[in-house]
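See structure below.
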């Protein structure tokens with residue numbers, strides 16, 4: 001009979017993110033038909049009792065398995081891509097599959113001006129449209145204006161910040177956000193500031209906002225999660241990314257959250273991974289590497305760990 | 001085509017020396033300044049500036065600013081800057097204009113330039129003013145016109161020639177519907193004009209003309225006439241026939257009781273190395289008088305001489 005240890009390790013090999021290839025090979029590979037049957041009967045999650053007396057794979061799990069096996073391949077292909085192509089493809093997927101407008105915000109707001117421009121160029125080559133026209137055409141929810149605005153940005157990246165203007169704009173934002181419902185004019189002001197000001201200027205606004213109101217700007221934004229994400233991505237990207245990573249590493253994470261794991265690690269490994277790791281450790285009390293070891297499996301796990309190790313301890 | 005008559009074998013060093021001579025002594029030899037700078041293309045002017053700096057450890061531009069004055073100085077200043085730097089200055093001046101920004105300049109530069117040229121302009125703007133064009137524009141405009149202009153300026157338009165006929169048809173219908181309902185500043189109108197590729201927009205406008213018998217600009221008139229509507233018409237004219245558009249700008253600049261030197265300078269300086277020849281021909285056709293003559297009539301002094309040189313006058 002199949003040892004209960006083996007059954008357990010096999011069930012684990014199929015859970016979490018990625019698959020534990022070694023366990024699958026060494027356990028499954030040597031099991032006789034009776035052992036495999038025992039496994040099917042023992043794991044009610046993966047298999048259901050069919051009315052015609054055989055244990056059938058749960059369809060949902062087969063689909064999920066496909067995602068798990070593909071995780072390494074997708075991460076590697078994304079890693080080898082030119083960052084512009086990678087972001088362009090992520091933008092397209094975010095717009096059409098899902099849709100996942102948070103990913104549009106993430107890319108528009110965490111990339112440098114030249115990186116975002118490059119992604120827009122690559123989008124032209126790949127899809128023969130501008131991302132701006134596609135978003136403007138396909139999005140019909142109220143977030144459209146914010147999305148087009150941040151995707152169109154080409155921010156100043158120099159060191160100069162006008163502190164007086166930043167203070168004034170922090171005050172304006174605190175007045176607007178305090179109100180019960182945002183009217184069109186208020187929305188326009190918020191979008192103008194968030195989509196045109198430089199990142200240093202926005203960080204100054206974030207600082208002044210805290211000084212004026214005692215709260216953080218993103219925490220004060222209730223309800224509108226796109227707006228919240230925009231502020232976080234622009235002012236505190238490490239905080240934003242560590243939150244996304246935490247959600248992706250939970251045991252009950254859905255497929256969309258799980259995909260974020262590859263996306264964040266592949267796209268930030270050469271950028272601000274060090275700061276993200278620090279923020280993650282500080283916020284969740286465990287190192288990102290440790291958590292990945294716990295939740296991810298096999299070659300996929302090893303690939304992720306290798307990527308995050310690039311930015312030192 | 002360019003109207004500039006530059007020599008076959010220019011020498012930046014000789015030119016720099018001649019300019020230095022023109023600055024020395026009492027007053028300035030404006031004729032020399034005009035005949036040298038007015039007859040060099042952008043690359044040559046850049047070399048002269050470099051040579052002058054190397055020889056005399058002084059920025060030629062700053063020297064010109066101090067030696068010259070008035071409309072003449074403004075024209076020469078714009079002429080000597082690198083094209084993207086010049087556009088950045090023109091945009092900044094347009095945005096800061098009171099009581100309202102000069103929307104035409106913003107639309108001209110964002111709609112007529114190629115996406116790459118416009119990008120270079122944005123970079124030059126950031127380098128010069130330590131802020132982005134978008135943030136200054138957004139701060140100095142509001143309402144419908146802001147929505148439209150910030151959209152025009154932010155877009156990085158697709159440059160391909162492909163068009164989707166079905167889309168051109170449906171978007172022509174959308175535009176027509178907005179016009180019949182007098183909802184000119186409807187989101188869809190702004191979306192189509194500010195995000196579609198130039199080729200796609202032209203296809204849409206052609207469909208509009210075919211389906212409704214008149215070009216869309218004839219229908220984009222409201223009561224009262226708003227800045228936004230006139231900006232929309234300007235953008236469409238810049239897309240469909242920018243030479244005709246520039247002829248009109250010059251004609252209006254010269255016809256005013258007091259000549260609009262700023263606009264006149266802008267068109268002559270920015271188009272002299274591109275299509276000023278064609279604009280001159282259009283002007284002649286439309287007004288039965290050559291542009292040279294009209295400029296000679298309406299302007300005077302060194303400013304006049306400089307413009308005529310840029311227009312191709314040989315000595």
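Screening A:77, A:27, A:19 for residues that are within 23 Å of residue A:302 (Cβ to Cβ) and part of a loop (DSSP other than H, G, I, E, B) leaves exactly one candidate, A:19.
For residues in the range B:177-190 being free of Cβ contacts under 8 Å to residues at least 40 places away in the same chain and assigned to a helix (DSSP H, G or I), which is surrounded by the fewest Cβ atoms within 10 Å (Cβ to Cβ)? Break it down into steps so the answer makes sense when it comes.
So in the range B:177-190, the residues free of Cβ contacts under 8 Å to residues at least 40 places away in the same chain come out as B:177-178, B:180-181, B:183, B:186-188.
Those still in the list that are assigned to a helix (DSSP H, G or I) too: B:177-178, B:180, B:187-188.
Numbers: B:177: 13, B:178: 19, B:180: 10, B:187: 13, B:188: 15.
The selected residue is B:180.
Being free of Cβ contacts under 8 Å to residues at least 12 places away in the same chain and either closer than 22 Å to residue B:267 by Cβ or surrounded by fewer than 19 Cβ atoms within 10 Å (Cβ to Cβ) (or both) is the requirement here; does residue B:82 meet it? Against the criterion (free of Cβ contacts under 8 Å to residues at least 12 places away in the same chain and either closer than 22 Å to residue B:267 by Cβ or surrounded by fewer than 19 Cβ atoms within 10 Å (Cβ to Cβ) (or both)), residue B:82 does not qualify.
With respect to the conditions (1) crowded, with 16+ Cβ neighbours inside 10 Å; (2) touching a helix residue (DSSP H, G or I) at 6+ places or on another chain (Cβ under 6 Å); (3) more than 8 Å from chain A (Cβ to nearest Cβ); (4) not in a loop (DSSP other than H, G, I, E, B), residue B:151 falls short on a single one, namely (3).
Exactly one residue out of A:238, A:229 is within 17 Å of residue A:283 (Cα to Cα) and either touching a strand residue (DSSP E or B) at 6+ places or on another chain (Cβ under 7 Å) or surrounded by 16 or more Cβ atoms within 10 Å (Cβ to Cβ) (or both): that is A:238.
Selection within the range A:141-165: residues that are assigned to a loop (DSSP other than H, G, I, E, B), under 23 Å from the mean Cα position of the chain (by Cα) and more than 8 Å from chain B (Cβ to nearest Cβ). The member of this set that is surrounded by the most Cβ atoms within 10 Å (Cβ to Cβ) is A:143.
Suppose the filter is buried (at least 19 other Cβ atoms within 10 Å of the Cβ), under 27 Å from residue B:141 (Cα atoms) and free of Cβ contacts under 8 Å to residues at least 40 places away in the same chain; does residue B:256 pass it? Break it down into steps so the answer makes sense when it comes.
Numbers: buried (at least 19 other Cβ atoms within 10 Å of the Cβ): no; under 27 Å from residue B:141 (Cα atoms): yes; free of Cβ contacts under 8 Å to residues at least 40 places away in the same chain: yes.
It is false that residue B:256 is buried (at least 19 other Cβ atoms within 10 Å of the Cβ), under 27 Å from residue B:141 (Cα atoms) and free of Cβ contacts under 8 Å to residues at least 40 places away in the same chain.
Of the listed requirements (1) within 15 Å of the chain's Cα centre (by Cα); (2) touching a residue at least 60 places away in the same chain (Cβ under 8 Å); (3) more than 30 Å from residue B:184 (Cα to Cα), residue B:271 misses just one: (2). On the basis of being modelled with pLDDT of 95 or more and not assigned by TED's automatic domain parsing to the domain that holds residue B:175, does residue B:259 make the cut? Criteria not met by residue B:259.
Does residue B:166 satisfy the criteria of being modelled with pLDDT of 95 or more and more than 10 Å from chain A (Cβ to nearest Cβ)? In short, yes.
Here is a list: B:128, B:159. Which entry is touching a residue at least 40 places away in the same chain (Cβ under 8 Å), within 14 Å of chain A (Cβ to nearest Cβ), surrounded by fewer than 17 Cβ atoms within 10 Å (Cβ to Cβ) and not in a helix (DSSP H, G or I)? Break it down stepwise before answering.
On the way: B:128 fails: not in a helix (DSSP H, G or I).
Matching residue, one of B:128, B:159: B:159.
The number of residues in the range A:100-138 that are surrounded by 18 or more Cβ atoms within 10 Å (Cβ to Cβ), within 11 Å of chain B (Cβ to nearest Cβ) and either free of Cβ contacts under 8 Å to residues at least 24 places away in the same chain or assigned to a loop (DSSP other than H, G, I, E, B) (or both) comes to 7.
The values are calculated or read from the model by the stated rules, or taken from the named source; none is laboratory data. Computed from a prediction, not measured in an experiment: that's the story for all the values here. Positions of Cβ are backbone-derived with ideal geometry, glycine not excepted, and every protein chain shown enters the neighbour counts.
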